[in-house]
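For reference, the structure is listed below as structure tokens.
The values are calculated or read from the model by the stated rules, or taken from the named source; none is laboratory data. Not measured: the values here are computed from a predicted model. For neighbour counting, all protein chains shown are included, and Cβ atoms are generated from backbone atoms with ideal geometry for every residue, glycine included. Protein only, heavy atoms only, side chains kept; ligands, DNA and RNA dropped before computing areas. Shrake-Rupley method; radii C 1.70, N 1.55, O 1.52, S 1.80 Å.
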Amino acid sequence: KGAEELPVTREAQHGWVKFVSTRELFEISNDAKEECMKLIKGHKTNMSDVRILAEAKDFHGRTAMQYGLPEIREALRERLLFLSRYQLQKGPPIYKSSTCLVIKAYDEMAM
């Protein structure tokens with residue numbers, strides 16, 4: 001089953017964010033880090049499941065994409081963002097011609 005078919009409880013989301021934001025857990029087991037990266041980057045994991053993981057919130061409202069360890073955040077960005085930077089907006093393109101397509105995007109790296 002894909003994650004969109006499973007109930008994602010608040011506790012499960014918190015656990016995921018806590019897991020991917022705790023360096024000590026990855027220092028204890030390099031296998032855990034490798035498996036986590038495979039899950040995020042793997043072609044067998046569909047995009048909607050990765051998005052659920054990225055948007056999971058802890059009890060303080062912080063997402064895995066915001067609060068995870070740098071290598072986790074980077075893996076999520078690589079998988080979900082265009083050029084690892086731009087969040088493409090859903091909806092019709094701003095402009096479309098036979099040689100051009102303009103889509104609105106949010107720059108996740110802008111300060």
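Per-residue accessible area for LEU39 at 1.4 Å probe radius, Å² rounded to 10?
Here the accessible area works out near 70 Å².
Sum up the lysine pairs in the chain that clear both bars: alpha-carbon distance under 19 Å and a spacing of 8 or more or different chains.
10
Which value in nm describes the separation of the simple spin-label points at ALA105 and ASP31, placed 7 Å from the Cα toward the beta carbon?
Output for this residue pair reads 3.9 nm.
How large is the charge dipole for the chain, taken about the Cα centre, if only the Cβ atoms of Lys, Arg (+1) and Asp, Glu (-1) carry charge, to the nearest 20 debye?
Its charge dipole is roughly 440 debye.
Through the Karplus equation 6.51 cos²θ - 1.76 cosθ + 1.60, θ set to phi - 60°, convert the phi angles of region 62-78 into ³J(HN,Hα) values in whole Hz; use x for Gly and Pro.
7, 8, 4, 5, 8, 10, x, 4, x, 5, 6, 4, 5, 4, 5, 4, 4
Running a GNM on the chain with Cα contacts under 10 Å, which residue among HIS60, HIS43, HIS14 ends up with the highest mean-square fluctuation?
Judging by the Gaussian network model, the answer is HIS60.
Mind checking the log10 I(q)/I(0) for the chain at q = 0.15 Å⁻¹? Debye, one equal scatterer per Cα, no solvent, two decimals.
Evaluating at q = 0.15 Å⁻¹ gives log10 I(q)/I(0) of -0.71.
How big is the Kirkwood radius of region 26-69, worked out from every pair of different alpha carbons and given in Å to one decimal?
Evaluated on region 26-69, it is 11.4 Å.
For the chain, modelled as a GNM with alpha-carbon contacts under 10 angstrom, which of LYS90, LYS41, LYS57 fluctuates the most?
With Cα springs under 10 Å in the chain, the top fluctuation among LYS90, LYS41, LYS57 is at LYS90.
Using amide H atoms built in the peptide plane, which far-off residues or other-chain residues are under 5 Å from ALA105 H to H?
Under 5 Å from the amide H of ALA105: GLN89.
Could you report the accessible area of ARG62 in Å², rounded to 10, computed with a 1.4 Å probe on the protein chains as they sit in the structure?
80
If you average the sequence gap of Cα pairs under 8 Å that are 6 or more apart and divide by the length of the chain, what percent do you get for the contact order?
24
So what is the accessible area of region 41-111 per residue, in Å², with the probe set to 1.4 Å?
Heavy-atom SASA per residue in region 41-111 reads 71 Å².
Rounded to a whole number, what % of the accessible area of the chain do carbon and sulfur atoms account for, probe 1.4 Å?
C and S fraction of accessible area: 56 percent.
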